[in-house]
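Here's the structure, in structure tokens; my notes come after.
The values are calculated or read from the model by the stated rules, or taken from the named source; none is laboratory data. Keep in mind it's a predicted model, so treat the numbers as computed, not measured. Note that we place each Cβ from the backbone using ideal geometry, even for glycine, and neighbour counts take in every protein chain shown.
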Amino acid sequence: MSHTYQYPRPALAVDCVVFGVDDEALKVLLIQRAGVAAHGQWALPGGFVHLDETLDEAAARELREESGLSRVFLEQLYTFGQVDRDPRERVVSVAYFALVRMSDHQAKAATDAADARWARVRDIQTPSSGTDPPMLLQLAFDHGEILDTARQRLRNKVRYQPLGFELLPEKFTLRQLQHLYEVVLERPLDKRNFRRKILGMNLLEELAETEQGVAHRAARLYRFDHDRYERLSREGLNFEV
């Protein structure tokens, strides 16, 4: 016996917040909308969920179709369901976020977007930035709020989990590692204390290599030891930066 619903149902969408870090700042992947709604505006990659796919599959598909990014680990962030968040119809969006190495993921528009680029998070208008800076980039729909939520989640998680290493090259310097934490946490860190704490966790493998092609004195390179972290976590390691 078949059943039908007698009540109207909202549309279901997914939106993806993809963070990266370069020598300059914390950045987020944006696409320029090619559709009728919010045409030409910058937004987070995302779209409607198909009836025959899971939320995770929809997020991965939309990210691939709009920005060309694939094989990116996406984690569910939050559900956004304000009644007026989309002018077209009642839309509920499940947001995802991801951390990627920017050198591995070039921003390029794919089939469903007019353009794509990495933008500095601090240049984007969000609820937490207030209304005073008039030159900040405004995102379509409620994507500024979604970005704010993802940035706060990143700040919280990066202090207690080694997520920051997902944003770095496989081999990195301690200067690069400190820079990453400073741009994510949005505050300066004392160099001596930071290095003592990080090296004291015994999670970094010191390599017999130094950085190449730099004008200053070449620094030692390190690699994050994932296996050691997993083992020490089971033994009660408290990772806190």
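Before moving on, here are some points about what is shown:
- Filter result (at pLDDT 90 or above, surrounded by 10 or more Cβ atoms within 10 Å (Cβ to Cβ) and either of a type in the set (A, V, I, L, M, F, W, C) or closer than 16 Å to R159 by Cα (or both)) within segment 194-218: F194, R195, R196, K197, I198, L199, M201, L203, L204, L207
- Remark: pairs (first residue in segment 48-63, within 21 Å of Q106 (Cα to Cα); second residue surrounded by 13 or more Cβ atoms within 10 Å (Cβ to Cβ) and among the aromatic types (F, W, Y); Cβ separation under 7 Å; 6+ apart in sequence or on different chains) = A59/Y96.
- Residue in segment 122-137 that is touching a strand residue (DSSP E or B) at 6+ places or on another chain (Cβ under 9 Å), among the aliphatic types (A, V, I, L, M), under 13 Å from V17 (Cα atoms) and assigned to a loop (DSSP other than H, G, I, E, B) present: no
- In segment 4-18, the residue that is nearest to A116 (Cα to Cα) out of those that are over 21 Å from the mean Cα position of the chain (by Cα) and not in a loop (DSSP other than H, G, I, E, B) is L12.
- Every test in (1) within 27 Å of E182 (Cβ to Cβ); (2) of a type in the set (A, V, I, L, M); (3) out of contact with any Asp or Glu (no Cβ under 7 Å at 6 or more places or on another chain) is passed by A13 save one, and that test is (1).
- Being more than 18 Å from V18 (Cβ to Cβ), in the same structural domain as A114 (by TED's automatic domain parsing) and not acidic (D, E) is a property that R88 has.
- Complete set of residues in segment 57-74 that are loosely packed, with under 15 Cβ neighbours inside 10 Å and not in a loop (DSSP other than H, G, I, E, B): E57
- Out of R159, R187, one residue alone is of a type outside the set (D, E), at pLDDT below 95 and either within 15 Å of the chain's Cα centre (by Cα) or farther than 16 Å from F239 by Cβ (or both). It is R187.
- Cβ-Cβ contacts under 9 Å between residues 6 or more apart (or on different chains), taken from a first residue in segment 157-183 that is within 15 Å of F19 (Cα to Cα) to a second residue that is among the polar types (S, T, N, Q), are listed as L168/Q176; P169/S103; P169/Q176.
- Restricting segment 19-46 to residues that are charged (D, E, K, R) and not in a strand (DSSP E or B), the residue that is surrounded by the most Cβ atoms within 10 Å (Cβ to Cβ): D22
- Among the residues listed as E182, E166, E230, E145, the single one being surrounded by fewer than 13 Cβ atoms within 10 Å (Cβ to Cβ) and not hydroxyl-bearing (S, T, Y): E230
- Residue check: A98 meets all listed conditions (1) among the small types (G, A, S); (2) in contact with a strand residue (DSSP E or B) (Cβ under 9 Å, 6 or more places away or on another chain); (3) farther than 17 Å from D56 by Cα but one, namely (3).
- Looking only at segment 104-133, and only at residues there that are farther than 18 Å from L63 by Cβ and among the hydroxyl-bearing types (S, T, Y), the one that is surrounded by the most Cβ atoms within 10 Å (Cβ to Cβ): T126
- Selected residue (criterion: farthest from the chain's Cα centre (by Cα)) from residues of segment 209-241 that are touching a residue at least 12 places away in the same chain (Cβ under 8 Å) and assigned to a strand (DSSP E or B): E209
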